[in-house]
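I have placed the structure first, in the form of structure tokens, so that the comments after it can refer back to it.
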Amino acid sequence: MNFFCRRQNIAHREAISGIPIVIRIMKLVSLLIFILQIGVFANGRAQQVNISVKNAELKTVFAELNKQTRYRFLYNEETIQKALPVTFKVSNSDINTALSKALQGSGLGFRIHGETITILETDKMKPVAPMALTITGTVKDTSGLALPGVTVQVKNKPTIGTATDGNGAFVLKGVPEEAVLVFSLLSYKSQELPLNGRKVLNVVLRNDEANLNDVVVVGFGKQKKSSLVSSVASVKGDALRIPTRSLTNAIAGQVPGIIAIQRSGEPGYDNAEFWIRGVSSFAGGTNPLVLVDGIPRSMTDIEPDEIETFNVLKDAAATAVYGAEGANGVILITSKRGAVQKTKITYRGEYTQNKPTRLPEFMDSYDYLFAYNEALRNEDSPVFKTDEQLALYKNGSDPDLYPNTKFLDVMLRDNTFNTRHTLNFRGGGDIAKFFVSGAYYQENGVFKSNPNNIYDNNLGLKRYNLRSNIDLNVTKTTVLGVDLSGQYLLTNYPGTGTATIFSRMMGVPGYLFPAVYSDGTIAGHPGIPSSNRVNPYNLLMESGYAKEWRTSLQSKLSLDQKLDFITKGLSFKGIVSFDATMNYYMNRLKSPKQFNATSRDANGKLIFTQVGNPETTLGEPVESSNGQKNIYLESSLNYNRIFANDHTVGAMLLTYQKEAQQQGEALAFKKQAYVGRVTYNYANRYSIEGNFGITGSEAFSPENRFGFFPAVGGAWFASNEPFYPEALRKVVSSLKFRASVGKTGNDNTGGARFLYRGTYTTGTTGYSIGIGGTGSLNGLNGIVEGRFEAPDLTWEIENKRNYGIDIEFFKGAVDFSVDYFNNLRSSILLQRRTVSGVTGFRQSPWQNFGSVSNKGMDGSVNIKQNIGELKLTARGNLTIAKNKILEIDELPQPYPWMNQTGTSIGEWNLYTADGLYTDNDFTMTTDAVGKRIYTLKPGLPVSTLGGVVRPGDIKYKDLNGDGKIDNFDRSYYTGSNPANPGIVYGFGLNAEYKGFYGSIFFQGVAKTSTVFGQNAAGNFFPFTFGVEESNLRAEVADRWTEANPSQNVMFPRLHSISFSNNQVASTWWLRDASFIRLKNIELGYRFPKKMLRKIGFETGRIYLMGNNIAVWDNIKMWDPEIGNANEGLNYPIPRSYTIGIEFNL
């Protein structure tokens, strides 16, 4: 340990003094050579002996042994001469064995002291205490790979033990000569080896068949994988390493059962939305419960290098213990902890270059104005710009007066960068074990910076992570855990919100003004100031800046106490946790003086008119803050015991209480629960588990406050049956069936509290209690009823059923697992929307109303194959979830296609497009001034959606046949899918050969749709706000025109202003939003250990990684994962390329 501390001090002094690193490396290498020389010398003393003599005197024997080992011999000449000549032979033996043979029957014995051997008469030798040996060796698996973390103990003496280091090596001191050593490691068969005079043991551990000792983290505990009855998916933390900030962006396609979608790439606000097995409620909360080391916490800013396992609990048998919070599934994140081993130091550093995966493309000024002229001609109106004016925009001769501004090019960088550094320390001994981690992550935004500003207007984020997990063996039966962690984020943003900037720089036409005039004058929109009539360049460069400081601190104290003195297998566990989040916000805003150029004077100088809002200088900071503290208390009694080798019994009784105190809230949010579990396993063949959660909620009256949520599950490990055919075992080496059924609950209403209590509203219209000379006097405000009380309100319930099968083929070459689930959510907590106003309610009352079914499957497959020294692994997972609304708060509809009941949550309600109107649909006449008048022919339905239709406009089907297109012709049954995907999948391949390795991973979604123009119509439809407040995408070139009256176009007839008939949600704008993405590809090289050890390292690698490399989809205009948010004009998801290194000491 001192050696490592010295190295760190050297590194620190180098940073200060600048002493060349080469000198330091030379010193380090010299020290290592010296240590190696000592090791070689010591090894020489333990060389083996080969000797064969016949009727030889002992003096001759001692002389030969001296030559071979250089041990010095001390003896009495008279004593030696009395001994008879000896005959014996030993080969490849140690000195002890050789001397024992030589002195056998002579009445003589020996003692070894350092390099001296003393020969004595046996009856004169004093008894010597048994020798304590130092045993060394290595432990490897059957493929020859070193196994770190193997426990090495003296049998029946657990106080004498150690663990193998990162190279599988161990040193165990104080071992009795006749000891038996026990070697054990999770997922491997334990071995017991007697010493038999050996001081060096090289051990090979074999995998335990069917991974019977694998341990899986479940709710409030751990279970052997072999006895697991519930549906649990798990991945290691290493699988979640991608070059982004938020951990939520790493889980899509990685874990079966999780549906995750990233809607934005904005630093600090790029968290993905995710659900477990889809969405099963149309009201209240649908997000899963996230627990970090057993405590409810956010997962977004956890560093992946801190994570040991990431587990997803999906069925009732796994989640019922969480009662009211288990309805939407549970995510359990377990951080790394210490191990009995030499301290292992790990460093990982990454440098990443980012660029947007896809950005919208827009028409230039000429094409934009040409299209606007076309829209006017479609309406028989005069054109906006003459051909001569259009030519000036096209040739670019005067970019100040006839600009062609590309705001995306002017305001966005081509590339951005981020860096990551992590440093971990992991180790421990018999008394204490520790894991300490620190990390730094930095990310820049895609905006360009204004070099003239005294502040940074670009986005930027810096994050610092710290974690310390300490386990102390206070006694042989008591373990104290002390965990501390924290995250600190500093972020920077422009003074105007990012979404607004993107919306405006893609929604302001480039013909109006340049970003900045050629003489440096700040340009402004010529129209009356409004949220749309702005220069987006000024929103970024001249609006000020905003900063955020986000701090999160977590602490946990745990105590594990064995109670074997009461009964074997009984233990107690207690947990106390205190977490706090503190967020501080500040902005300083400004508004520049803006001008619009109208012409040039005789000298060619621009003539300006001041426009826009008045100038304001950089203001004083406007500050705000929020925060929250969380307290969690848990205590439990646990029992685990094996009877008669085959009967494994487990039980748990647990209670917890938690509260969350938010800044500005007088009353803390509180919750209390009682949990129980009983498990039984017979001979690793039959498993049954029953558990329950009893949870209390503040939302319900005392009579309905506590809910009872039971579950039961069973499993049959068929391949462990004695009658399982051996011939079948060669193919299907492991076969297990699982089933579970249970009930979970939900009380999340989205924020409303104490729903059972009625409320009153003050400050309403009152009355006067007096009259004076000037009128009424002494007016008092009135008090009226607010929310109506709901004493019978109770839990939202989800009944879950799950059936699963786990199969292993060819002794682990193929591992396959699949689950079918059938869930029913009922008594959904909602605020009624169909209660008539004549009832007198001032607010719609809360009630348990509605039900949703959610069915589907999820599964995973892993394949391993070695071809010589080439190691191949493939993996894949699939999640399919389909929900159906069985009951919802809606009035009986006049037509079946209008009923939301029977559809999926989030299903689109659309008009059915029937192509575009053609000339044959109208009778055309002209008025006195030559303006065309189009009249629909008899028999065609008349649109009431807004505007007078003409050829080229969208025509809709009249579903109810009443001769008009109105709200009764909208349908939920048009073949669309919800915005959230119903299918998520991922698959990948890894390969490794002689230190080189590579991996590739694809992720995709299906059964999802989007409808263009339904989130922000002005950002999609042409000229929604007129010519000065709109922009046209390049795709508008694919449009209907009088010269090209095609039905096979994307955009219908152009209009000079918003035209509702063409903009309503319809199948014309419906698109399949499915996609498949090349999510990750990595190439790397692991350096040879022999080379690394020469410079003090154990392992090391260098790697190149790409993330979000390519995407295949039907949207094309923007990254499909963004959805229709802001019509694709959100902060883009980045494509990234990373170079990284990782070393272990």
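If I filter the stretch 212-227 for residues that are in contact with a strand residue (DSSP E or B) (Cβ under 6 Å, 6 or more places away or on another chain), part of a loop (DSSP other than H, G, I, E, B) and β-branched (Val, Ile, Thr), do I get at least one hit? Scanning the stretch 212-227 turns up no residue that is in contact with a strand residue (DSSP E or B) (Cβ under 6 Å, 6 or more places away or on another chain), part of a loop (DSSP other than H, G, I, E, B) and β-branched (Val, Ile, Thr). Within the option set Gly1106, Gly1096, being more than 21 Å from Lys1007 (Cβ to Cβ) and either modelled with pLDDT of 90 or more or in a strand (DSSP E or B) (or both) holds for one residue only, Gly1106.
Residues in the stretch 828-871 that are under 30 Å from Ser701 (Cβ atoms), modelled with pLDDT of 90 or more and among the hydroxyl-bearing types (Ser, Thr, Tyr): Ser851, Ser853.
Let's see how each residue does on (1) hydroxyl-bearing (Ser, Thr, Tyr); (2) surrounded by 13 or more Cβ atoms within 10 Å (Cβ to Cβ); (3) at pLDDT 80 or above:
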position	(1), (2), (3)
Asn66	no, yes, yes
Thr87	yes, no, yes
Ser91	yes, no, yes
His113	no, no, no
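Taken as a whole, the condition of being within 20 Å of Phe821 (Cα to Cα), surrounded by fewer than 19 Cβ atoms within 10 Å (Cβ to Cβ) and not charged (D, E, K, R) does not apply to Ile694. Reported count of residues in the stretch 843-869, each being of a type in the set (A, V, I, L, M, F, W, C) and within 31 Å of the chain's Cα centre (by Cα), is 4. When residues of the stretch 51-64 are filtered for being of a type in the set (Ser, Thr, Tyr) and surrounded by 14 or more Cβ atoms within 10 Å (Cβ to Cβ), how many remain? Of the residues in the stretch 51-64, 0 are of a type in the set (Ser, Thr, Tyr) and surrounded by 14 or more Cβ atoms within 10 Å (Cβ to Cβ).
Just a yes or no: is a residue in the stretch 731-742 at pLDDT 85 or above and either part of a loop (DSSP other than H, G, I, E, B) or among the acidic types (Asp, Glu) (or both)? Within the stretch 731-742, one or more residues are at pLDDT 85 or above and either part of a loop (DSSP other than H, G, I, E, B) or among the acidic types (Asp, Glu) (or both). Taking the stretch 669-707, which residues are touching a residue at least 40 places away in the same chain (Cβ under 8 Å) and more than 29 Å from His647 (Cα to Cα)? Hits for the stretch 669-707 are Phe669, Lys671, Ala673, Thr695, Ser697, Glu698, Ala699, Phe700, Ser701, Glu703, Asn704, Gly707.
Selection of first residues in the stretch 534-555 that are in a loop (DSSP other than H, G, I, E, B) and of second residues that are buried (at least 21 other Cβ atoms within 10 Å of the Cβ), restricted to Cβ pairs under 6 Å at least 6 apart or on distinct chains, gives the following pairs, ordered by first then second residue: Val534/Arg504; Val534/His525; Asn535/Ala523; Asn535/Gly524; Asn535/His525; Ser543/Gly495; Ser543/Thr496.
The sole residue among Asp409, Asp398 that is assigned to a loop (DSSP other than H, G, I, E, B), out of contact with any strand residue (DSSP E or B) (no Cβ under 7 Å at 6 or more places or on another chain) and of a type in the set (D, E, K, R) is Asp398. Within the stretch 358-370, can one find any residue that is surrounded by fewer than 21 Cβ atoms within 10 Å (Cβ to Cβ), in a loop (DSSP other than H, G, I, E, B) and within 24 Å of the chain's Cα centre (by Cα)? Yes: one or more hits. The one condition from (1) over 21 Å from Leu878 (Cα atoms); (2) assigned to a loop (DSSP other than H, G, I, E, B); (3) out of contact with any Asp or Glu (no Cβ under 8 Å at 6 or more places or on another chain) that Tyr322 does not meet is (2). One residue is enough: does the stretch 919-930 have a residue meeting the conditions among the charged types (D, E, K, R), modelled with pLDDT of 90 or more and outside any helix (DSSP H, G or I)? Among the residues of the stretch 919-930, not one is among the charged types (D, E, K, R), modelled with pLDDT of 90 or more and outside any helix (DSSP H, G or I), which makes the answer no.
Within the stretch 546-568, being modelled with pLDDT of 95 or more and of a type in the set (Phe, Trp, Tyr) holds for one residue alone: Trp549.
From the set of residues in the stretch 412-430 that are assigned to a loop (DSSP other than H, G, I, E, B) and closer than 28 Å to Gly1140 by Cα, which is nearest to the chain's Cα centre (by Cα)? So that I can check it myself, show each step before the final result.
Initial filter on the stretch 412-430 (assigned to a loop (DSSP other than H, G, I, E, B)): 413-415, 429-430.
Keeping just the survivors that are closer than 28 Å to Gly1140 by Cα gives 413-415.
Numbers: Arg413: 27, Asp414: 27, Asn415: 24 Å.
That would be Asn415.
I need the full set of residues from the stretch 1109-1133 which are assigned to a helix (DSSP H, G or I) and under 24 Å from the mean Cα position of the chain (by Cα), in order please. Within the stretch 1109-1133, Pro1120, Glu1121, Ile1122, Ala1125, Gly1128 qualify. Checking the structure you have, find out if any residue of the stretch 789-796 is touching a strand residue (DSSP E or B) at 6+ places or on another chain (Cβ under 8 Å) and free of Cβ contacts under 8 Å to residues at least 12 places away in the same chain. Within the stretch 789-796 (the criterion being touching a strand residue (DSSP E or B) at 6+ places or on another chain (Cβ under 8 Å) and free of Cβ contacts under 8 Å to residues at least 12 places away in the same chain), the answer is no, since none of the residues qualifies. Given the structure, is Lys385 farther than 26 Å from Asp414 by Cα, free of Cβ contacts under 8 Å to residues at least 60 places away in the same chain and either outside any helix (DSSP H, G or I) or in contact with a Cys (Cβ under 9 Å, 6 or more places away or on another chain) (or both)? When the stated conditions are applied, Lys385 passes them. Of the residues Ser518, Ser503, Ser531, Ser577, the single one that is of a type in the set (Ser, Thr, Tyr) and closer than 26 Å to Gln657 by Cβ is Ser577.
Of all the listed residues (Thr879, Thr926), the sole one being out of contact with any Gly (no Cβ under 8 Å at 6 or more places or on another chain) and either surrounded by fewer than 16 Cβ atoms within 10 Å (Cβ to Cβ) or in contact (Cβ under 8 Å) with a residue 12 or more places away in the chain (or both) is Thr926. Out of the residues in the stretch 887-912 that are part of a strand (DSSP E or B) and in contact with a Lys or Arg (Cβ under 9 Å, 6 or more places away or on another chain), state the one that is nearest to Pro981 (Cα to Cα). By that ranking, first place goes to Leu910.
Of all residues in the stretch 771-794, those satisfying the criterion of being among the small types (Gly, Ala, Ser) and under 25 Å from Gln843 (Cβ atoms) are Gly782, Gly786, Ala790.
Determine whether Lys590 is over 30 Å from Asp471 (Cα atoms), among the basic types (Lys, Arg), touching a strand residue (DSSP E or B) at 6+ places or on another chain (Cβ under 6 Å) and in contact (Cβ under 8 Å) with a residue 24 or more places away in the chain. Criteria met by Lys590. Filter the stretch 438-471 down to residues that are of a type in the set (S, T, N, Q) and over 18 Å from Gly268 (Cα atoms) and give me whichever is surrounded by the most Cβ atoms within 10 Å (Cβ to Cβ). Result: Asn469. For the stretch 844-876, how many residues meet the condition of being touching a residue at least 40 places away in the same chain (Cβ under 8 Å), outside any strand (DSSP E or B) and either of a type in the set (Gly, Ala, Ser) or exposed (fewer than 15 other Cβ atoms within 10 Å of the Cβ) (or both)? Matching residues across the stretch 844-876 total 2.
Would you point out the residue of the stretch 1038-1072, among those that are touching a Leu at 6+ places or on another chain (Cβ under 7 Å) and among the hydrophobic types (A, V, I, L, M, F, W, C), that is nearest to Ala1006 (Cα to Cα)?
Of everything passing the filter in the stretch 1038-1072, Leu1070 is nearest to Ala1006 (Cα to Cα).
As an exercise: evaluate Asp579 against (1) at pLDDT below 95; (2) of a type outside the set (Val, Ile, Thr); (3) more than 30 Å from Ala1034 (Cα to Cα) and give the number of the one condition it does not meet. Among (1) at pLDDT below 95; (2) of a type outside the set (Val, Ile, Thr); (3) more than 30 Å from Ala1034 (Cα to Cα), the lone unmet condition for Asp579 is (1).
The values are calculated or read from the model by the stated rules, or taken from the named source; none is laboratory data. Here the structure is a predicted model, which is why all the values come from computation and not from measurement. Glycine also receives a Cβ, built like all others from the backbone with ideal geometry; neighbour counts cover every protein chain displayed.
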